[in-house]
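What follows is one structure encoded as C-alpha cells, with my remarks underneath.
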C-alpha cells in the first residue's frame with residue numbers, strides 16, 4: 001500500500017511540475033509581450049484567458065514534436081466543446097446544405113414565417129466550429145425569434161483559399177432557395193459572422209447582391225470583421241498591436257496560412273511592401289488612416305509611411321488583395337447594392353478600423369448602417385458573453401445583434 005502511494009506521488013510530481021513550469025512560462029510570455037490598456041473590460045480575466053490560450057498552443061507544439069498530433073488539431077480539440085442538449089424553446093437539427101455541414105436553430109413557437117440568419121463563425125479560417133459557437137447561435141435564435149443557420153465551412157490549411165468563401169456562398173444559396181422549408185421568409189434573410197466570419201459574410205453578401213437567381217439579402221451583420229489586407233498600420237493596428245487575444249502579427253500570420261503562403265514574408269507585409277503604387281492610389285480614398293476620425297487616433301497613433309514596393313512580395317500575397325479576401329476593396333457598383341448593415345467594432349481590437357472604414361464606404365454609397373462600438377471591448381468578446389470567463393462587453397455585443405435583428 002505504501003509503495004503504491006509513493007508511486008502515485010512520484011507520477012503526480014512528474015506530471016504537475018512540467019505543467020506548472022509551462023503555465024509559468026505562459027504567464028511570463030503574456031506579461032512580457034501583451035499590452036492591456038486601462039479602459040479594457042476586466043483586464044485580469046482577459047489575462048487569464050490569454051494564459052490558457054498560450055498554454056494550449058504550447059501543449060500543441062509539444063504534442064506535434066512528439067508526433068502525437070498537430071498543434072492545429074490540438075487547439076481545435078481544446079476549443080471544440082460539446083453539442084449542448086435539447087432546448088425547450090428551440091428545434092435544433094444538424095444537416096448538410098449541398099455537402100456543407102450546418103446546424104439549424106428553429107424557435108418552437110408556431111408562426112407562419114420568420115426571419116432567417118446565416119451565421120459564419122470566426123477563428124482565423126483555421127479554428128472555430130458549429131459546436132464552439134452553439135451558445136451564441138442559441139442565444140440569438142431565442143432572443144430575436146429568428147431561425148439561425150450556423151455554417152460549418154471547411155477549415156484551412158487542409159482546405160485552401162477560397163474554399164471557405166465558396167462553402168459559405170454555397171450554403172447561403174441553398175438556404176435562400178429552400179427558406180420556406182424552415183419557416184423562413186426568403187425576403188427576410190440576413191448574412192452574418194464574426195471576425196473572419198465577418199469577412200466571409202461581407203464577401204458572400206457582395207456575391208449575393210449580384211446574382212439574379214436568389215432574393216437579395218435583407219441585411220448583413222459584421223462583427224469586428226477583418227475586411228482588407230492593404231494597410232496593417234491603420235491606427236487600430238498600431239494601438240492594439242499587442243492587445244490579447246489578437247495581435248497584429250497574428251492577423252498577418254493567419255492570413256498567410258489561409259492563403260497557404262510562406263511566413264517569411266510576414267514582416268514585409270506588415271510594412272506594406274506587398275501593395276503596388278497603383279493599387280495604393282486607387283484604393284487609398286477608401287482605405288487610409290486619414291479616413292479614421294480623430295477621436296480614434298488619440299491613443300498611441302503615429303502617421304506611418306509604408307515601405308517601398310517589392311514585386312516578389314506582391315507575387316506571393318497578391319490573392320490577399322482580391323475582393324473575396326478584402327471585401328473593402330469591392331467596386332462601387334457592388335457596394336451600392338448592399339442591404340442594411342449592422343457593424344460591431346471594439347475599441348481594443350486591431351480590426352476596429354476595418355469596420356469603421358467599411359461603415360464609411362457603405363454610408364457614402366447610400367447604404368443604411370447601424371454601428372455599435374463597444375468602448376471597453378476586445379477582439380473575440382462576443383463569444384464570451386456567458387459562462388465562467390464571461391465579459392459584460394460580450395453581452396453588450398450579442399444584445400446589439402438581437403436589437404438590430406428585431407428592428408428588421
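Taken together, the values in this text are just the output of simple stated rules run on the coordinates, not laboratory data. Fair warning: this is a prediction, and the values are worked out from it, not measured in the lab. Neighbour counts are summed over all protein chains in view; Cβ atoms, including those assigned to glycine, are modelled from backbone coordinates with ideal geometry.
Which order do 78, 254, 210 fall in if you start with the one that has the fewest other Cβ atoms within 10 Å?
Lowest to highest Cβ neighbour count: 210, 78, 254.
Quarter the surface of the alpha carbon convex hull of the chain and you get the mean projected area, 22.4 square nanometres.
The peptide list 303-310, 82-89, put in order of mean Cβ contacts within 10 Å with the highest first, becomes 303-310, 82-89.
The Rg/Rh ratio of segment 188-303, with both radii computed over alpha carbons and Rh defined as the Kirkwood radius, is 1.00. Across segment 44-181 the C-alpha pair distances fall into 10 Å bins from zero in the proportions 11, 35, 31, 18, 5, 0 percent.
As a proxy for reagent exposure, 112, 347, 267, 249 were ordered by neighbouring Cβ count within 10 angstrom, fewest first; the result is 112, 267, 249, 347. Stokes-Einstein diffusion of segment 235-321 at 10 °C, 1.306 mPa s viscosity, Kirkwood radius from Cα pairs, rounded to a whole number: 113 µm²/s. With 0.36 nm allotted per residue and the present C-alpha distance subtracted, the residue 277-residue 369 stretch has 30.0 nm of extension available.
Length gained on full extension, residue 111 to residue 295, computed as 0.36 nm times the residue gap minus the Cα-Cα distance: 61.7 nm.
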